[in-house]
Amino acid sequence: MPFWNTYTALTWAGLGWVLLAGIGRADNPIIPHQGVCDPRIHIFNDRAYLFSTHDDAPGHPGFVMYDWQVFSAPDLIHWQKEFVLKPADTFMGQISDCWATDAAARHGKYYFYFSEGQNCLGVAVSTNGPGGSYRDALGKPLLPKGLTPTAQYDPTVFVDDDAAHTPYIVWGYTVVGQQYHIARLNEDMISLAESPRPVTLKNGWQNDAPFIMKRNGLYYLNSHGAYYATATNVYGPYTFRGVFSHDQTVDHGGFFNWHNQTFFAYGVPDGDPFFRKTKIVYAHFKDNGDIADDPFIERSPLGVGQYDAHWENIQAEWYFAAADGVEKRENATGFEVRNLTSGSWLAYPNVRNLKENAVLSLCASSANPAGGVIEVHQDRADGPVLGQCLVPNTGGWTNYQTVTCNLTNDAGTKDLCLVFKGHGDELVRLDWFKTDSSAVLANYEAEDAELSGGCGKNTNHSGYSGAGFVDGFVNAGAAIRFTVTNATESSAEVTIRYSAGAGGQTLGVYVNGAKVCDTSLPATADWNTWADKTEMLPLRSGTNAIEFKTEKGVPVNVDYLTVPVEGRPSQK
Ligand SMILES: [Ca+2]
Ligand SMILES: [Ca+2]
């Protein structure tokens, strides 16, 4: 919960997310348009559990939140609601500021921590598994109002990796004269083992939503807004390291690990600062321990654990799951996957639009004298073999080659698992792979669309498709309206081919009369160069109007629009 809601006297005009909140980007909320936010994801019994707050509805002038929710998913995609904790069933009574949460497991019981505005924080317990039901464990606050100089809200329960698996709870906000506070929890998880201590944060930030994790012996503290700091002691002092997300709208978030991958789950505004949604992205660490900013969020309209054969490539480090021992490490172009030994595997489920008998290309290196073999299995590491790719000795770990191999597969969506085979220690390092796409796209030429506000057909640049392109967006109010068909009510990856020879521009995107987003169209080299920009748009079954419009007038040309013929499979 951003504390600026109640501390509006603070000036936040300098913060980037305020200025950049209108930038269009790929969108991939996990439970869209239901106000699911302030996410904390834990893996319990090899299943993901999401403990979240719940923004009531769009259009409120502030946060209105009537309950807390628990969801679970086997795959970070198919979420089901497990439990709703209502404040009336706790010591808090009927309130409308059900603020941030976290959860923990201990000795077979599950604990759900919840805050009432900036007042106090309680804890509920389940003896029936992580999905609940949860009941108030104390009948009074775990952290009462006034306990410390900061406000008692926005908890994270962090369990250390020492022999005792010591649990801590951290909470509150930092602002001038205020600090996050932390206290060790007792084994019962519902009482403090020590008086709360302030968290020392050097050159830090002013914000709330503290989250603590540990990696390679180093404690990481992050906050609302993706600021982070590290320390060698859980109490600090923490030293500021920077901001780790490309996403300028990042709200309350936290990290979790599953199957040797690190994920970051966070909230962002859902078209309204008081109605938010939750996204999940891959997170990587640089060799120096910095948290890296993965561009997946900006490239993919899909969420984690889903891929598309028509992407330019699938980065190896975007695996959904990997065998123990496999490592993500920096390379010259970003990240690669290392320490792939015989039997190692990488899983990429839900690869859409695979062509029948696809050709797979892998960018890999090997300093192993005999190289290595990458077997492509369907479904899982011991599933049917679709093909084998030999990676030769490439003359060194930094000498990448692209190897290709033929798969024997049906068209459609497949769960792919790469299994590495060979002799010796490390066999192969993998940077990325790509394959043939069978995406069937319907093409709608701009010059055949409905033009208004000064748009017109032209042919005075080269490289366009069809009979020309559309220009005239320099006129304020200029618009182009495509009439497209969609098989089912679904979100669809709609791609606009455009040219922006005078620099990057933005157009408003409207579907069936309602504005969906602003799409940013990065600069192209010149007016004869065309680029694609994809947005995930909500389409209904049958005919849809997709309109691109500029209010102020911008120099951009549009060649055509593509819409998948099949639409997007429903995720619900
Ligand atoms: Ca890579
Ligand atoms: Ca055209």
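Only one entry of S96, S72 meets the criterion of being within 16 Å of F263 (Cβ to Cβ) and at pLDDT 95 or above, and that entry is S72. Given the structure, is G454 away from ligand 2 (no atom under 16 Å from the Cβ), closer than 30 Å to G383 by Cα and in a loop (DSSP other than H, G, I, E, B)? So G454 does not fit the description; no.
So, in segment 492-518, of the ones that are crowded, with 21+ Cβ neighbours inside 10 Å and of a type in the set (G, A, S), which residue ends up nearest to K552 (Cα to Cα)? Within segment 492-518, the match that is nearest to K552 (Cα to Cα) is A500. In summary, no strands (runs of 3 or more DSSP E) completely within segment 19-117 bear 3 or more residues that are outside the structural domain of G132 (by TED's automatic domain parsing) and surrounded by 15 or more Cβ atoms within 10 Å (Cβ to Cβ). Among the residues making up segment 195-227, those that are of a type in the set (F, W, Y) and not in a loop (DSSP other than H, G, I, E, B) are F211, Y219, Y220, Y227.
Restricting segment 286-305 to residues that are under 25 Å from L537 (Cβ atoms) and among the acidic types (D, E) leaves a set whose member that is surrounded by the fewest Cβ atoms within 10 Å (Cβ to Cβ) is E298.
This table checks each residue for (1) surrounded by 22 or more Cβ atoms within 10 Å (Cβ to Cβ); (2) more than 16 Å from ligand 1 (Cβ to nearest atom); (3) among the polar types (S, T, N, Q).
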{"position": "Y348", "(1), (2), (3)": "no, no, no"}
{"position": "S365", "(1), (2), (3)": "yes, no, yes"}
{"position": "I374", "(1), (2), (3)": "yes, no, no"}
{"position": "H377", "(1), (2), (3)": "no, yes, no"}
{"position": "V391", "(1), (2), (3)": "yes, no, no"}
{"position": "V403", "(1), (2), (3)": "no, no, no"}
{"position": "T413", "(1), (2), (3)": "no, yes, yes"}
{"position": "D431", "(1), (2), (3)": "no, no, no"}
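When S520, S541, S490 are checked against the criterion of being closer than 30 Å to L354 by Cβ, away from ligand 2 (no atom under 16 Å from the Cβ) and in contact with a strand residue (DSSP E or B) (Cβ under 6 Å, 6 or more places away or on another chain), S520 stands alone in meeting it. Looking only at residues that are at pLDDT 95 or above and part of a loop (DSSP other than H, G, I, E, B) in segment 306-337, which one is surrounded by the most Cβ atoms within 10 Å (Cβ to Cβ)? Only one residue tops the list, namely Y319. Across segment 405-450, the number of residues qualifying as outside any strand (DSSP E or B) and within 16 Å of ligand 2 (Cβ to nearest atom) comes to 4. Of the residues T148, T101, the single one that is of a type in the set (S, T, N, Q) and over 29 Å from Q261 (Cβ atoms) is T148. Here is the figure for segment 228-279: residues that are touching a residue at least 24 places away in the same chain (Cβ under 8 Å), farther than 17 Å from T53 by Cα and not in a strand (DSSP E or B) total 12. Identify the residue in segment 460-471 that is more than 9 Å from ligand 2 (Cβ to nearest atom) and over 36 Å from the mean Cα position of the chain (by Cα) and, among all such residues, is surrounded by the most Cβ atoms within 10 Å (Cβ to Cβ). Residue satisfying both the conditions and the ranking: H461.
The values are calculated or read from the model by the stated rules, or taken from the named source; none is laboratory data. Keep in mind the model is a prediction, meaning the values are calculated, not measured. Please note: Cβ atoms are built from the backbone with ideal geometry, for glycine as well, and neighbour counts cover all protein chains shown.
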